[in-house]
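What follows is a short report on a single structure.
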Amino acid sequence: LRMISRILLYNSGGGIGDALQILPLINALRNEFKNANFFYLCAHENHFNSSLRDLNCHIDTLNLDIKYFGFRWWHLLILKRRIKKLKIQKFDLIIDLQSKFRNSLILKMIPHKYFVSSCLNFKFSTTNLNIKKVAKVNNNILEAVNTMLNINCRLIDYDINKIEDKFTAESERLLPKKNYIGFSITQGNIYRKKEWPLDKVIKVSEELVKKNKIPVFLIKKKYNEIKSKIKNAIPSALFPEHESNLSSPALVTCLGKRLDLAITIDNGVMHMLSLSKVPIISLFGPTDSEKFAPQYKNSLVLDSKKLYNTKNISVITVEDVLTAARNHLNFNNH
């Protein structure tokens, strides 16, 4: 069983957050199969080798030259030829990180020894697995891999020390003092209404400014309009990414270490910040907080579905967020 030397991970989710969420799983497998080569197959791009490369997670891309791999039935018809043409070697272990029937069926055509997929309650997997499904993908998959290969892997958090020192130094230059509260309020995925209203964000910031806190907005340089609205309302607000030549998720993670608290919607920045284990309040509406919210001691979730029985994130009140912030900040002062 130790002869696991080629591992393929298939992640159909296209966002940076989807990639960041599987880091503890990758670390666990790396720790168990120390000499294995890891490959990543995605319907979009391999973020580990593009925007996330500064996290130094080195995972090769399996390039089958098929756009939106797994999302079209005709991929079934061309895959065999494509594998032959590109001389793709057999994988010892293929891990399917999604649960769409069609995608799993197509993925399973890639030559392998072991196949793990949570699709249809793990029915596609090489051996029949009786896994009790939980919301967190990593937990499901790891239990399945442990059962199938008869090993005992544990999830391992990302080690922030893998990030180059230049990002830490830059974060200290940008945020040299204390009392910073971070905000991430823009969404990458345009299809779901995940944003919390800007006027509410500004009200929360104003209250925190009264408590001598400095609001720090983690928003990309392209969001100039939002920046000027915030700056007009809160002159003391900082926009560190706008003051830096470095542009990288690694910088956002290091900025997380400089904050007393982060308040964020469900987006890629939330996942970047969570790598730093900063005390965090994440606001959820249409998306599943059980599945996506950061899981660690100082992570607090405000989910409109649980609080107000609606997917509309806007109903979360300014007071809800301030109460959560007070709890976090008092807790951290003792």
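The values are calculated or read from the model by the stated rules, or taken from the named source; none is laboratory data. Keep in mind the model is a prediction, meaning the values are calculated, not measured. All Cβ positions, even for glycine, are placed from backbone atoms using ideal geometry, and neighbour counts span all protein chains on display. SASA here: full protein model, heavy atoms, side chains in, ligands and nucleic acids out. Shrake-Rupley method; radii C 1.70, N 1.55, O 1.52, S 1.80 Å.
Separation of the stretch 272-334 and the stretch 4-63 by C-alpha centroid, Å?
27 Å
Sort the stretch 165-246 into rounded, prolate or oblate with this rule: let a ≥ b ≥ c be the square roots of the eigenvalues of the Cα gyration tensor; rounded if a/c is under 1.5, and if a/c is not under 1.5, prolate when a/b is larger than b/c, oblate otherwise.
Judged from the Cα gyration tensor, the stretch 165-246 comes out oblate (a/c at least 1.5, b/c at or above a/b).
Mind running the shape call on the stretch 1-79? Use the C-alpha gyration tensor, a ≥ b ≥ c as the square roots of the eigenvalues: rounded below 1.5 for a/c, prolate if a/b tops b/c, oblate otherwise.
oblate
Rg/Rh for the chain to two decimals, with Rh computed the Kirkwood way over all alpha-carbon pairs.
Across the chain, the Cα-based Rg/Rh ratio is 1.00.
Suppose the chain between residue 246 and residue 74 were pulled fully straight at 0.36 nm per residue; how much longer would it get relative to their current alpha carbon spacing?
Stretched fully, the residue 246-residue 74 segment lengthens by 57.7 nm.
Would the stretch 250-334 count as rounded, prolate or oblate if I go by the C-alpha gyration tensor, calling it rounded below 1.5 in a/c and otherwise prolate when a/b exceeds b/c, oblate otherwise?
Judged from the Cα gyration tensor, the stretch 250-334 comes out oblate (a/c at least 1.5, b/c at or above a/b).
Just going by the charge dipole of the chain, with Lys and Arg at +1 and Asp and Glu at -1 on Cβ, which of 175, 318, 43 is farthest out on the positive end?
Projecting each Cα onto the dipole axis, the largest value belongs to 43.
Place a +1 charge on the Cβ of each Lys and Arg in the stretch 26-157 and a -1 charge on the Cβ of each Asp and Glu, then give the dipole magnitude about the Cα centre in debye, rounded to the nearest 20.
Roughly 640 debye, rounded to the nearest 20.
Mind grabbing the accessible area of residue 242 for me, 1.4 Å probe, Å², rounded to tens?
Surface accessible to solvent at residue 242 totals approximately 40 Å².
Please report, as a whole percent, how much of the solvent-accessible surface of the chain comes from carbon and sulfur atoms (probe radius 1.4 Å).
After summing per-atom areas, the C and S share lands at 50 percent.
Taking a probe of 1.4 angstrom, what is the accessible area of residue 105 in Å², to the nearest 10?
60 Å²
Evaluate E = 1/(1 + (r/R0)^6) for residue 179 and residue 81, where r is the Cβ-Cβ distance and R0 equals 51 Å; express this FRET efficiency to the nearest 0.05.
E between residue 179 and residue 81, to the nearest 0.05, is 0.25.
Mind checking which of 131, 313, 185 has the largest fluctuation in a GNM of the chain, springs on alpha carbons under 10 Å?
In the Gaussian network model the winner is 131.
Please build a GNM for the chain, connecting alpha carbons under 10 Å apart, and tell me which residue among 180, 40, 296 fluctuates the most.
Most flexible of the set in this elastic network: 296.
How much length is gained if the chain between residue 162 and residue 63 is pulled fully straight, taking 0.36 nm per residue apart and subtracting their Cα-Cα distance, in nm to one decimal?
Going from the current span to full extension adds 33.0 nm.
Can you give the FRET efficiency to the nearest 0.05 for residue 236 and residue 135, using r as the Cβ-Cβ distance and R₀ = 30 Å?
So the FRET efficiency works out to roughly 0.20.
With every protein chain present, what is the per residue accessible area of the stretch 259-329 (1.4 Å probe, Å²)?
Here the residues of the stretch 259-329 average 37 Å² of exposed surface.
Take residue 221, project a point 7 Å from its Cα along the Cβ direction, then tell me which residues of the stretch 247-275 have their backbone nitrogen under 20 Å from it.
Counting backbone N atoms under 20 Å from the label point, the list is 247-256, 269.
Between residue 155 and residue 102, what FRET efficiency comes out of the Förster formula 1/(1 + (r/R0)^6) with R0 = 30 Å and r the beta carbon distance, rounded to 0.05?
Using R0 = 30 Å, I get an efficiency of 0.55.
Quick check for me: using +1 on Lys/Arg Cβ and -1 on Asp/Glu Cβ, what's the dipole size of the chain about its Cα centre, in debye to the nearest 20?
Value, rounded to 20: 1000 debye.
Relative to the Cα centre, what is the charge dipole magnitude of the stretch 141-288, using +1 at the beta carbon of each Lys and Arg, -1 at the beta carbon of each Asp and Glu, and rounding to the nearest 20 debye?
500 debye
Could you rank the peptides 82-89, 51-58 by their average count of other C-beta atoms within 10 Å per residue, with the highest value first?
51-58, 82-89
May I ask you to give the solvent-accessible area per residue for the stretch 1-86, in square angstrom, as obtained with a 1.4 angstrom probe?
Normalised by residue count, the accessible surface of the stretch 1-86 is 50 Å².
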